[in-house]
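The values are calculated or read from the model by the stated rules, or taken from the named source; none is laboratory data. Computed from a prediction, not measured in an experiment: that's the story for all the values here. Every residue, glycine among them, receives a Cβ derived from its backbone with ideal geometry; neighbour counts consider all protein chains shown. Ligands, DNA and RNA are excluded from the accessible area calculation, which covers all protein heavy atoms including side chains. Shrake-Rupley method; radii C 1.70, N 1.55, O 1.52, S 1.80 Å.
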Amino acid sequence: MNSAIKNNFCFKVLGQFVSPIFLGVVLVLATVIGLPALLAGDTQAQEALQIDPQEITKTAYIVVRYGDNDVVVRRINFTGIISGWRALELAGLNPSGPDPSSLASINGYGNPDGDPFGTVSTRFWGTSHISGTTWAFNAWGVAEPKISENGHVEGFSWSDPGYAGIDPPPPMGIVAAADGLQWLRGQQSGTDGGYGNASKSIETLLAVGANGCDPAQWRNGTGNPSLLTYLSADRVAAYAGDAAGAGKAVVALAAAQQIVTNYLGLNLVVSITTHYSDTQGSYSTEPGEQAWAMMGLVAGRETVPVTAANYLTGLMRAGGCWAWGSDPAWYPNCDTNGTALAVQALLASGVPTDNIAVVSGTTWLKSAQNSDGGFPYDPQSAWGTASDTNSTAYVLQALLAAQQNLSMLMYGTPVDYLLSMQQVSGQFYWQGSSPGMDAQSPTRQAILPLLDRPLPTSSVAGLTTCNVSEKYNLCYLPLISKN
């Protein structure tokens, strides 16, 4: 078991198996004479407390990479020792194959003939686990019971053509995304299924859908309204009243595999196109709004007019960057949010990564990185240039979309900064010790880049019900010795 887990003591898990009276006696003994047996190892500690290790509930994370920028994670609870196959079942990811030792598909995706060795294709499901902070290849089959430790992370990755194995994305970010989503579910209203208003609920939908979770089943408590229940036709129509709102609604709903041309009777793609100006070749004069409209069209499987991409490129300022808005009185400087969205919109609409606008935008973004690895909203702002989670998340998505090597950045990968902003609860803070004015916003925005997903995002696999799974922290009594 991980030493960090051993060095903590948690009453929650022990309380499930030890009576309060016995636990009180244990604490008294620990204070007076110490309990060295509890530090002798997992087995000895469990024996000392008379706990059957097969009955201890533990947490594991199941990561599935269907392809580049197409990853989901599930958090499961289990007891004893389980196999990778059983872990997939507990995660609701529906493994299939000739038998539990031969994995052919996950959630309906994989080798179509049910042959794990790919008679029809030249791909296979590779399996791995986290060892330290990196992925390690599993030298055992998916049917063998090998998952036993609390906090275990098991990875499944659909290989590249020609049986070329590839790992899932950086493992620690995936775990953080799962914990962030779990925290967000706890913030959901049990009364209407929403998150306060349509804007916050649509942003949450984007995070939920990106992880392949069914929004019709995403609810905070059995029998409570779901997130999709909250997103009624009236609420979505009001939010999609301008080009940016319509574009963002399509991106979120498409990520959650909803029919965007007929969502509760709404054709949200048309809601974008009605804002197109033939004379300008744009959906908005504001760079941020134009970017969201373009990404909405891509998510809605429509072709972005070349004129729209050219218009957005024309809004680029000296230095190769964009501001969210076009009015210099309100937006005197470039900002990371507007630039990151513009880069993603251009790439999504088919502009190549070596295009001068894309290269200039990514170069400027990298130059805006702070020494803590994160990014500010405006690196020239007179009001402060500290890094924040929201801006760092947007920049990270743009760099992922532009296929940049994150480890080559001046101050390291932005993933590390995002991880430093996560709290024990799973929530992400906006800056340092501040959750921000909207305490949920940093968490919503951090999830997509930690899932390795730039905008817009979609998956080849279907949605699944993402069950609530409590996180268990197993720990042991510290040794208290007398002088």
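The charge dipole of the chain, taken about its Cα centre with unit charges on the Cβ atoms of Lys, Arg (+1), Asp and Glu (-1) only, comes to about 640 debye.
Only helices at least 15 Å long along their axis, Cα-based, and averaging 0.5 or more on Kyte-Doolittle count here, so list those DSSP H runs from the chain. Helices meeting the criterion: 20-32, 198-210, 243-255, 287-299, 336-348, 356-367, 389-401. Note on the chain: Lys pairs 8 or more places apart or on different chains, Cα atoms under 18 Å apart, count 7.
A Stokes-Einstein calculation at 25 °C with viscosity 0.890 mPa s, built on the Kirkwood radius of region 343-401 over Cα pairs, returns a diffusion coefficient of 205 µm²/s. Each helix, a run of at least 4 DSSP H residues, gives -39500 (n - 2.57); summed and divided by the residues of the chain, these come to -10500 deg cm²/dmol at 222 nm. Once divided by 2.2 N^0.38 Å, the Cα radius of gyration of region 210-343 becomes 1.16.
Working from label points 7 Å from Cα in the Cα-to-Cβ sense, the Ala136 to Thr353 distance is 3.1 nm. In the full protein context, region 219-297 carries 37 Å² of accessible surface per residue, based on a 1.4 Å probe and ignoring ligands, DNA and RNA. Taking trypsin sites (Lys or Arg not before Pro) across region 380-483, the ones in a DSSP loop with at most 15 further Cβ atoms lying within 10 angstrom of their Cβ are Lys482. For chymotrypsin sites (Phe, Trp or Tyr not before Pro), the sites in region 332-406 that DSSP calls loop and that have at most 15 other Cβ atoms within 10 Å are Trp383. Taking all Cα-Cα distances within the chain, those exceeding 28 Å account for 57%. Local charge for Trp430 was computed over the other residues whose Cβ lies under 11 Å away, with Lys and Arg +1 and Asp and Glu -1, and equals -2.
Ranked by the mean number of other Cβ atoms within 10 Å of their residues, highest first, the peptides 171-179, 447-455 come out as 447-455, 171-179.
Modelled label positions at Thr261 and Asp278, each set 7 Å beyond Cα in the direction of Cβ, lie 2.3 nm from each other. Available extension along the chain between Ser199 and Thr307 is 36.0 nm, counting 0.36 nm per residue and deducting the alpha carbon span. Counting heavy atoms of the protein chains alone, Arg235 has an accessible area of about 90 Å² for a 1.4 Å probe. Extending 7 Å from the Cα toward the beta-carbon at both Ser232 and Ser121 defines two label points whose distance is 4.2 nm.
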